[in-house]
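Here the structure comes first, spelled out in structure tokens, and everything after it is commentary.
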Amino acid sequence: MTVTIQPMTVALDQVTLDDLKRRLSHYRRPPAVKGAGWRMGVDLGWFDELIAYWLDGFDWEKVAARLNRRTHLSVPLADEENRSLAIHVIVEPGSGDRAPILLTPGWPSCFVEFDGVIDRLAHPEHFGGDASEGRTVIVADLPGFGLSESPVIPLHHRAIAQLWHSLMVDKLGHTRFIAHGGDWGAVVSSWLALDHPSDVVGLHLSTLGVRPFLEKSTPLNDAEKGWLGCTKQRLALDGGYREVQATKPSTLSVGLADSPAALAAWMIEKFHGWSGCALDAPPSIDRDTLLSAVTLYWATNHLPCANWIYWADRQAGNTALGPGERIETPTGLALFDGGFFPPPPTEWAERAYNVVYRSDHPAGGHFPAWTAPAAFAEGLLSFARPLP
């Protein structure tokens, strides 16, 4: 591919914004069960207020101005079939000269999630830290997520890891780097560390990415068995979205592409449920931040394609390691209670990873860069301190 890296600007045209307002003004409220709150999905009373604010109070131009203080790039990559794919990347040069950090968000998130921690990682001296520990920060949207171009077919997460290696080494010129991820970002980062151990000098995760190969392994202890039981219960209570996206994503995509209200409800119900807030409380992420992500996904029409990663996972293999596979890259875990899964026992994590650092936090949930930015950044820098 001869296409070069191009600068990007976060911008939405007026036609798109006008169409969004038109659709929101015709929002048709579904029937609600009295007193259901968030127990049956999104709280429709709260959601009514959000739609009204999105229509008349949300300031997209202010959001765009804040996001555009960063350096945004469109980086051309080629998949296994040599198909072009433009990946959205943010680059913030760090105060120090050590290996950079690659941050990869998961679903239903995008680059907006990390906006509040970029400066803490790149310029810790502004937050009471040491400038020499500041690292260049690179944030990359997965294909079809955020502002990255959607693939023409679903891409498996291990294939995306190969794209990420090309992004960092071939395009950005970093032969050594730290990879961080949460949700699907944790899965991609884990494969990246497994397949390219000489380039990934450290792996940092806020959720576990891959599962260990258990055949002929040491029997599970009581803590591991208990944790697996809890995760199964959690999936039974809140795993319906996974089944839809892994089996019939095209049917769901009709509503997500045609109705901004449906898109917002589908995303925000997860931002609420996975952020550690009380069941009857509103989301712990403020509504302007929520609507920043939702508006971007509405304008790009990318969420249906982001959902394909669940299909690819179901069709082309899951997140389990194979026989003899273990990630030997030094791995740090920053685990925040209140997310989709409860924090796992260290014994379970060590079956798949070379865990050298772990920090546990009583709150923060699935999106700690949003909900606990100081603790998130402090933990990542602490893990990275002994690394090159």
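I need the full set of residues from the range 87-106 which are small (Gly, Ala, Ser) and part of a strand (DSSP E or B), in order please.
Initially, the range 87-106 is screened for residues small (Gly, Ala, Ser), giving 94-96, 99, 106.
Answer for the range 87-106, where residues must be small (Gly, Ala, Ser) and part of a strand (DSSP E or B): just Ala99.
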Give the residues of the range 321-334 that are over 15 Å from Val188 (Cβ atoms) and not charged (D, E, K, R), sorted by residue number.
-> Gly322, Pro323, Gly324, Pro330, Gly332, Leu333, Ala334
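Mind listing just one residue for me: the one in the range 253-292 that is assigned to a loop (DSSP other than H, G, I, E, B) and of a type in the set (S, T, N, Q) and, of those, farthest from the chain's Cα centre (by Cα)? Walk me through how you get there before you give the answer.
Filtering the range 253-292 down to residues assigned to a loop (DSSP other than H, G, I, E, B) leaves 259, 274-286.
Those left that are additionally of a type in the set (S, T, N, Q): 259, 275, 284.
Numbers: Ser259: 23, Ser275: 13, Ser284: 17 Å.
So, considering only residues that are assigned to a loop (DSSP other than H, G, I, E, B) and of a type in the set (S, T, N, Q), the one farthest from the chain's Cα centre (by Cα) is Ser259.
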From the residues in the range 147-180 that are in contact with a Leu (Cβ under 9 Å, 6 or more places away or on another chain) and of a type in the set (Ser, Thr, Tyr), which one is nearest to Tyr357 (Cα to Cα)?
-> Ser166
For Ile101, indicate whether it is in contact with a helix residue (DSSP H, G or I) (Cβ under 8 Å, 6 or more places away or on another chain) and surrounded by 18 or more Cβ atoms within 10 Å (Cβ to Cβ).
-> yes
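Considering the range 341-377 alone, what residues qualify as being assigned to a strand (DSSP E or B) and surrounded by fewer than 20 Cβ atoms within 10 Å (Cβ to Cβ)?
Quick first cut of the range 341-377, residues assigned to a strand (DSSP E or B) only: 353-361.
Answer for the range 341-377, where residues must be assigned to a strand (DSSP E or B) and surrounded by fewer than 20 Cβ atoms within 10 Å (Cβ to Cβ): Asn354, Val355, Val356, Tyr357, Arg358, Ser359, Asp360.
Looking at the structure I just gave you, is Glu61 loosely packed, with under 12 Cβ neighbours inside 10 Å and in contact (Cβ under 8 Å) with a residue 60 or more places away in the chain?
no
Residue by residue, here is whether (1) surrounded by 23 or more Cβ atoms within 10 Å (Cβ to Cβ); (2) in contact with an Asp or Glu (Cβ under 8 Å, 6 or more places away or on another chain); (3) at pLDDT 95 or above; (4) under 30 Å from Pro151 (Cβ atoms) holds:
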| position | (1), (2), (3), (4) |
| --- | --- |
| Val91 | no, no, yes, yes |
| Cys110 | yes, yes, yes, yes |
| Glu113 | yes, no, yes, yes |
| Asp119 | no, yes, yes, no |
| His126 | no, yes, yes, no |
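Go through the range 29-58 and count every residue that is outside any helix (DSSP H, G or I) and either surrounded by 17 or more Cβ atoms within 10 Å (Cβ to Cβ) or in contact (Cβ under 8 Å) with a residue 24 or more places away in the chain (or both).
Applying the first criterion (outside any helix (DSSP H, G or I)) to the range 29-58 yields 29-43, 57-58.
Okay, now just the ones that are also either surrounded by 17 or more Cβ atoms within 10 Å (Cβ to Cβ) or in contact (Cβ under 8 Å) with a residue 24 or more places away in the chain (or both), so 37-39, 41-43, 58.
The qualifying residues number 7.
The values are calculated or read from the model by the stated rules, or taken from the named source; none is laboratory data. What you see is a predicted model; the values in this text were computed from it and never measured. Ideal geometry is used to build each Cβ from the backbone, glycine not excepted, and the neighbour counts take in all protein chains shown.
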